[in-house]
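One structure is given below, encoded as structure tokens.
The values are calculated or read from the model by the stated rules, or taken from the named source; none is laboratory data. Computed from a prediction, not measured in an experiment: that's the story for all the values here. Here the Cβ positions follow ideal geometry from the backbone for every residue, glycine too, while neighbour counts run over all protein chains shown.
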Amino acid sequence: MSQLLANSLASAAAYTLVAVGFGLIYSTARFFHFAHGAVYTIAAYVSYTVSVYFGFGWWLGLLCGMSSGAIIGWAMEVAIYRRMRRGRASSTVLFIASLGLLVTCQNLISLVFGDGTLILRRESADHVREVAGARISEAQIECIVVALVICATIWVFIHSTKWGRELRATANDPDLARTVGVRINRVVVIVFSSGSALAGLAATMLAQETDLHPAMGVEVLLLAVVGIVIGGVGSVPGIVLGILLVTLLRNLAMWQLAPQWGDAIAFALLIVFLIWRPQGLLGKPIRSATP
Amino acid sequence: MEYILHVLVLVGLYVTLSVSLEILAGQTGLLSIAHAAFYGLGAYTSALLAVRLGAPFPLGVLVGMGIAALVSLVVSLPSLRLHDDYFVIATFGFQIILFSILNNWIDLTRGPLGIPGIPQPSIFGWAIRSQVGFVILAAVLAIFAFFVVELITISPFGRVLRSIREDEVFVKAMGKNTTWFKVVAFAVSAALAAAAGSLYAHYITYIDPTSFTVMESILIISMVIIGGAGSRWGPLIGAVVLVTLPEALRFIGLPSSVAANMRQIIYGALLVIMMMVRPRGLVGKYGFGR
């Protein structure tokens, strides 16, 4: 049981980073940027290329992964979404575009790297410690610590800085925010870049355990979506809670029922929440991109 | 020649699928990513009935359609009360769940192993064995689906659907039970998709869950959107374009693995370009709120 908890915590940590980015993008840009999954995948493959293919080592790979994530996310916003928003595209249209981006990117990766699984490893990942009866690797511990620190930092940032206020204003009511001088486009582009960088970080860390394949982003994205919905889209602690819940439940289901039912249970949980409490446990009620 | 006939069968199948999704996405404005699940439901029902119980093809089709319509209730009733974006996420969720069931309920569906040896169809003594026969069958199905959508489009029922798409509150204020309309649209759409699934199963004679994934749903919705939602011809054009264009790639001499990725890249890129430039698609009338 405590082993289950340990494993869940480690993967939940990485998923949380992805979900927080995704959730912040949804709060500010007001649509489900499914191409976030593509950003995740691209970043992981860039890390792999730098650290394994060129042999520059894990840390440089991580750095490149994060930067490439940020760049891709930034590019998607600036080249595509921003233009569409200027044309007053609805959230559905933006979502469809993000689906198109996801499909395109995933297949580009498949084209370049093939559909097979690639391995990304580093030595410290294999040093295993025993904590409260569970075996946990140093890499997993790092993952948890990093995620906690980042989420806490983000939360503090959002609630105590001027920029954080601008973000909250944008999430709350963009038109009103604009009238008091908040530059929406700047807020959105920063959220896209940093959210995508986080996805890159999570991708590289998680890739040590899960290995790389072109569809890896979609799987993580879907879990992130569930976590966000049940935790509450606009709230960082909510997202953390939501991801923890879904990861635990999924692993529990996989352990007690059978490994293949994990996804179905996770999504059943999603449906339950969508019906019962669509704003999630800690979230605020929903609004759309166009009034 | 065989190859061209095969492509024609695929066109027939995908026209049926996209035209059936048009009822939901185009006429009613409900973007559903669960369509491949109903496609799969029809395929599996038909296949299981034929392989396990020796049921004739027409029965398999009808039962498949019925089951899809019933299951659509499970999906639509909870999801329809959800706001735009969340409705889409809910259908996404159902697609994953349904796929998971097809893939993991090994006792019933044999999971990833799939169901081989599905007999080719016979309709009241007319045995369809040749490629030409299948083309005819696919064409009949596509025409039937088109006919159903046409009927809905020009009927008062269709008018209400379109009004719901444009302003649901207004329609409710006029006294219409919008939920009922949407549920019916969903069920009809699902049933037609299931019929396509049955044909697919008996044509390829082997099915497995990988044909009915989220990606397939995205492909079908792409056909509707790129061709143009809200128009009778849009999905048809979308299906023809998206099925034949990648097949044309083969003649450029790309290796098949590259070709598979290239087709998806084309779909994806077309989708993005369309959304940026013309969300209502090539000949459509509805731009999803744009």
Just to be sure I understand, how many residues within the stretch B:79-103 are under 18 Å from A:Gln279 (Cβ atoms) and facing chain A (nearest Cβ under 7 Å)?
9
Residue, nearest to the chain's Cα centre (by Cα), within the stretch B:208-219, restricted to residues that are at pLDDT below 90 and more than 12 Å from chain A (Cβ to nearest Cβ):
B:Ser211
Collect the residues in the stretch B:39-58 that are surrounded by fewer than 24 Cβ atoms within 10 Å (Cβ to Cβ) and either within 16 Å of the chain's Cα centre (by Cα) or without any contact (Cβ under 8 Å) to a residue 12 or more places away in the chain (or both), keeping them in residue-number order.
B:Arg52, B:Leu53, B:Gly54, B:Ala55
Hey, does the stretch B:117-127 have a residue that's over 17 Å from B:Pro58 (Cα atoms) and assigned to a helix (DSSP H, G or I)?
no
Taking the residues in the stretch B:229-247 that are part of a loop (DSSP other than H, G, I, E, B) and touching a residue at least 60 places away in the same chain (Cβ under 8 Å) as candidates, determine which candidate is surrounded by the fewest Cβ atoms within 10 Å (Cβ to Cβ).
B:Arg232
Looking at (1) surrounded by fewer than 20 Cβ atoms within 10 Å (Cβ to Cβ); (2) without any contact (Cβ under 8 Å) to a residue 24 or more places away in the chain; (3) within 13 Å of chain B (Cβ to nearest Cβ), which is the only condition A:Ala215 fails?
(2)
Can you give me the ranges of the helices (runs of 4 or more DSSP H) entirely in the stretch B:53-112 with at least 3 residues that are hydrophobic (A, V, I, L, M, F, W, C)?
B:57-79, B:84-104
Go over the candidates B:Val169, B:Val149 one by one and state the one that is part of a helix (DSSP H, G or I), crowded, with 18+ Cβ neighbours inside 10 Å and of a type in the set (Val, Ile, Thr).
B:Val149
Going by what's in this entry, would A:Thr49 be described as free of Cβ contacts under 8 Å to residues at least 60 places away in the same chain and assigned to a helix (DSSP H, G or I)?
yes
Would you check if B:Ser222 is at pLDDT below 90 and either in a helix (DSSP H, G or I) or hydroxyl-bearing (Ser, Thr, Tyr) (or both)?
no
Scanning for something in contact (Cβ under 8 Å) with a residue 60 or more places away in the chain, surrounded by fewer than 24 Cβ atoms within 10 Å (Cβ to Cβ), out of contact with any Cys (no Cβ under 9 Å at 6 or more places or on another chain) and not aliphatic (A, V, I, L, M), does the stretch B:189-201 turn up at least one residue?
no
Helices (runs of 4 or more DSSP H) enclosed by the stretch A:66-182 - at least 2 residues per element that are in contact (Cβ under 8 Å) with a residue 12 or more places away in the chain and closer than 30 Å to B:Gly289 by Cα
A:82-86, A:91-113, A:162-172
For the stretch B:264-287, pairs from a residue that is more than 8 Å from chain A (Cβ to nearest Cβ) and under 15 Å from B:Leu31 (Cα atoms) to a residue that is surrounded by 19 or more Cβ atoms within 10 Å (Cβ to Cβ) and among the basic types (Lys, Arg), with Cβ under 8 Å and 6 or more apart or across chains, are B:Tyr286/B:Arg165; B:Tyr286/B:Arg280
For A:Phe95, the lone unmet condition from (1) within 11 Å of chain B (Cβ to nearest Cβ); (2) in contact with a Gly (Cβ under 9 Å, 6 or more places away or on another chain); (3) modelled with pLDDT of 90 or more is (2)
Quick one: which residue in B:Ala269, B:Ala259 is modelled with pLDDT of 85 or more and not acidic (Asp, Glu)?
B:Ala269
Considering (1) at pLDDT 90 or above; (2) crowded, with 21+ Cβ neighbours inside 10 Å, say which one A:Leu120 fails and leave the rest.
(1)
Between A:Val233, A:Val225, A:Val220, which is within 12 Å of chain B (Cβ to nearest Cβ) and in a helix (DSSP H, G or I)?
A:Val225
Any residue at all in the stretch A:68-78 that is at pLDDT below 90 and surrounded by 21 or more Cβ atoms within 10 Å (Cβ to Cβ)?
no
Among the residues of the stretch A:36-44, is there at least one that is surrounded by fewer than 24 Cβ atoms within 10 Å (Cβ to Cβ), in a helix (DSSP H, G or I) and of a type in the set (A, V, I, L, M, F, W, C)?
no
Flagged in the stretch A:266-279 as modelled with pLDDT under 85, more than 7 Å from every other protein chain (Cβ to nearest Cβ) and within 20 Å of the chain's Cα centre (by Cα), in numbering order, are A:Gln279
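Okay, residues lined up against (1) within 22 Å of A:Glu77 (Cβ to Cβ); (2) buried (at least 21 other Cβ atoms within 10 Å of the Cβ):
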position: A:Leu167; (1), (2): yes, yes
position: A:Arg183; (1), (2): yes, no
position: A:Met205; (1), (2): no, yes
position: A:Val240; (1), (2): no, yes
Among the residues of the stretch A:79-92, which ones are buried (at least 24 other Cβ atoms within 10 Å of the Cβ) and at the interface with chain B (Cβ under 7 Å from one of its Cβ atoms)?
A:Ala89, A:Thr92
Looking at the stretch B:239-263, which of its residues are within 21 Å of the chain's Cα centre (by Cα) and more than 9 Å from every other protein chain (Cβ to nearest Cβ)?
B:Ala239, B:Val240, B:Val241, B:Leu242, B:Val243, B:Thr244, B:Leu245, B:Pro246, B:Glu247
